[in-house]
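The structure appears right after this line, and notes come after that.
The values are calculated or read from the model by the stated rules, or taken from the named source; none is laboratory data. From a predicted model like this one, the values you see are computed outputs, not experimental measurements. So basically every Cβ, Gly included, is an ideal-geometry build from the backbone, and we count neighbours across all protein chains shown. Side chains are part of the model used for accessible areas, which takes the heavy atoms of the whole protein and leaves out ligands, DNA and RNA. Shrake-Rupley method; radii C 1.70, N 1.55, O 1.52, S 1.80 Å.
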Amino acid sequence: MGRLGFSTTESARLLPLSVFGVLLALSVVLAEQEGENLSGLSNNPDKAIFAVRENGTTCLMVEFAVRFLVPYDVLALNGIDLITEQAPFTLPRNAEIEGKCGSTESEIHISWKNNAYTLRIYFSKEFRDKGIEVWKISRVQFVYDTSETSHFINAYNPGKHTASTHRLSALVTPAGRSYVCTAQQTLTLISSDHQKGITVSMYDIQIQPFDIASDFMFSEPYKCITDQRERLEETLPLVLGLILGLIIVITLTVYHFHLKLTANQPQLPRDRSMYKNM
């Protein structure tokens, strides 16, 4: 029976592979990513602040308040029919954070109540018309457990369900900038629980999933269209008032000079008979 072994040539071939495997493992360790909950920095009791860091540097940040409206079934009093109830609740500030950062794709996972609830938001970059690079929310997924009784009371056939968006392109923002919006942004997710519609509403938003230049600092804000429109509606009456006031001042000034000019001119007699004596 022959003896098994590696020749010198085979060892030389395996050495680069081993080195490559070690380098790959080191790169995974070095690119360690961790989530941080910074909600304590906000004075708003409804707003949460979460960050994902890579190698000790912030690579993704979200600051927002989130409301959920989740329909679920309960058994009617007759013990036969099902009634759909609505469970409203908000995203808690003490949630646990995980995430991943990449050059063109990033994601954040927000979990609470011992993973009874998990909100996953996926971001991506793309080029649009005229070569403009933007980022957007490409998918939102929400996992919830109707056996969790603080929000779901007497749920019929309780268990975990997953709700997801379909072909989402939300919060489109120029690359290198953060998305800012005070107004409510609402998404509808379709649940695995008999295709029920889950409503996820975000407001007081500032998000940046790529190209964060300074640690824990958002880049230049890009305001949503709704906020721009509301600001225009607020400032338009002020601008119109200033224009109207300016018109009044100009009119009074012209009238004043007109009176001054006419006062210096010689007055002609109004009675024509007086012209004979002149």
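Below, the figures for the structure above:
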| read-out | value |
| --- | --- |
| 10 Å beta-carbon shell around S164, net charge (K/R +1, D/E -1) | +2 |
| T251 accessible area, 1.4 Å probe, all protein chains in place, Å² to nearest 10 | 80 |
| Chain lengthening between K130 and F89 when straightened (0.36 nm per residue, less Cα-Cα) | 10.5 nm |
| Rounded accessible area per residue of the stretch 61-149, 1.4 Å, Å² | 50 |
| Over the stretch 51-110, relative contact order from alpha-carbon pairs under 8 Å, at least 6 apart, % | 30 |
| Per-residue SASA entry for E107, accessible area with 1.4 Å probe, Å² rounded to 10 | 40 |
| Set K160/K196; K47/K223; K100/K160; K100/K136; K113/K160; K125/K223 screened for pairs whose C-alpha atoms are more than 22 Å apart | K100/K160 |
| With all protein chains modelled, accessible area of I83 [1.4 Å, Å²] | 80 |
| Gain on full stretching of the segment that runs from L69 to E96 - 0.36 nm per residue minus C-alpha separation | 7.6 nm |
| Heavy-atom accessible surface of the stretch 68-117: percent carbon and sulfur, 1.4 Å | 48 |
| Unit charges at the beta carbon, dipole of the stretch 123-164: most positive-side option, T162, T149, S138 | S138 |
| Stretch gain in nm, segment K196-N114, where the contour uses 0.36 nm per residue and the Cα spacing is subtracted | 27.1 nm |
